[in-house]
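Reviewing the structure listed below.
The values are calculated or read from the model by the stated rules, or taken from the named source; none is laboratory data. In this text the structure is predicted, and so the values were computed from the model without any measurement. Every residue, glycine as well, gets a Cβ built from its backbone with ideal geometry; the counts of neighbours run over all protein chains shown.
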Amino acid sequence: MEVQETRVQTDRVLTIPNILSMARLVGVPLFLWLILLPEFGGPKADGWALLVLLFSGVSDYLDGKLARRWNQISSLGRILDPAADRLYILSTLVGLTWREILPLWLTLALLARELMLLVMVGILRRHGYPPPQVNFLGKAATFNLMYAFPLLLLSDGTGWLASLAEVFGWAFAGWGTTLYWWAGILYVVQVRRLVTADATAD
């Protein structure tokens, strides 16, 4: 993740990219409710959950692209976009682990990386630096995981489609987890350099 702050184009709140990010946030509890519905005696609603995930993936691509193209990069958008990404990942981890589609070790590996990132953000703030910006590596990790999760959800069935989804789902999950940790480790290195430079300057 990049630590340096990029130039903010606008402070407007009601921009198209921000509205897309807000809609993604609203979809988080809806997705979690849909995926856990059969665990509480309700009908299986995986198809609807997949549609919510599909909307999340498309809007995640569009909000960043439109923000850059229309010069609508904003302070709020820089918070909403990564927040929506992380909340979708967290809710999907909870839902798929609860339904025993994801193994506990993978969930713990991804949550440990998020905890590490929160610690690094706290260190940055104590030294007067802004929260990190999502770079290409972090986005690539998120995209891999956002492909992996619906495929793994689709694999919770029978037939050739479920078998194919399982193969590709685990491939994306493996790459996504690796890239997620790689981005996190690079970020730790950057934070360490900044803290060391501050200590040297003092």
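Do we find a residue being closer than 26 Å to Thr177 by Cβ and at pLDDT below 85 anywhere in region 66-75? It would help to see each step written out before you state the result.
Pass one, region 66-75, residues closer than 26 Å to Thr177 by Cβ: none.
So far as region 66-75 goes, no, none of its residues is closer than 26 Å to Thr177 by Cβ and at pLDDT below 85.
Do we find a residue being at pLDDT below 90, exposed (fewer than 15 other Cβ atoms within 10 Å of the Cβ) and either of a type in the set (Ser, Thr, Tyr) or in contact with a Pro (Cβ under 7 Å, 6 or more places away or on another chain) (or both) anywhere in region 147-167?
Looking through region 147-167, at least one residue is at pLDDT below 90, exposed (fewer than 15 other Cβ atoms within 10 Å of the Cβ) and either of a type in the set (Ser, Thr, Tyr) or in contact with a Pro (Cβ under 7 Å, 6 or more places away or on another chain) (or both).
Considering region 135-174 alone, what residues qualify as being assigned to a helix (DSSP H, G or I), over 15 Å from Val58 (Cα atoms) and touching a residue at least 40 places away in the same chain (Cβ under 8 Å)?
Within region 135-174, Leu137, Gly138, Ala141, Leu152, Leu153, Leu154, Ala173 meet the criteria.
Within region 45-52, identify whether any single residue is under 17 Å from the mean Cα position of the chain (by Cα) and closer than 20 Å to Ala141 by Cα, and answer yes or no.
yes
Keeping to region 165-199, report how many residues are among the aromatic types (Phe, Trp, Tyr) and more than 16 Å from Met116 (Cα to Cα).
Taking region 165-199 and keeping what is among the aromatic types (Phe, Trp, Tyr), we get 168, 170, 172, 175, 180-182, 187.
Remaining after also requiring more than 16 Å from Met116 (Cα to Cα): 168, 170, 172, 175.
Count: 4.
Would you say Leu30 is among the aliphatic types (A, V, I, L, M), at pLDDT below 75 and surrounded by fewer than 17 Cβ atoms within 10 Å (Cβ to Cβ)?
Values: among the aliphatic types (A, V, I, L, M): yes; at pLDDT below 75: no; surrounded by fewer than 17 Cβ atoms within 10 Å (Cβ to Cβ): yes.
Taking the combined requirement at face value, the residue does not satisfy it.
Of the residues Ser163, Ser155, which single one is in contact with a Gly (Cβ under 8 Å, 6 or more places away or on another chain) and either not hydrophobic (A, V, I, L, M, F, W, C) or not assigned by the TED database to the domain that holds Tyr61 (or both)?
Details: Ser163 fails: in contact with a Gly (Cβ under 8 Å, 6 or more places away or on another chain).
Exactly one residue qualifies, and that residue is Ser155.
Residue check, Arg86 against (1) within 30 Å of Arg193 (Cβ to Cβ); (2) in the same structural domain as Gly174 (by the TED database), all met but one. Which one?
(2)
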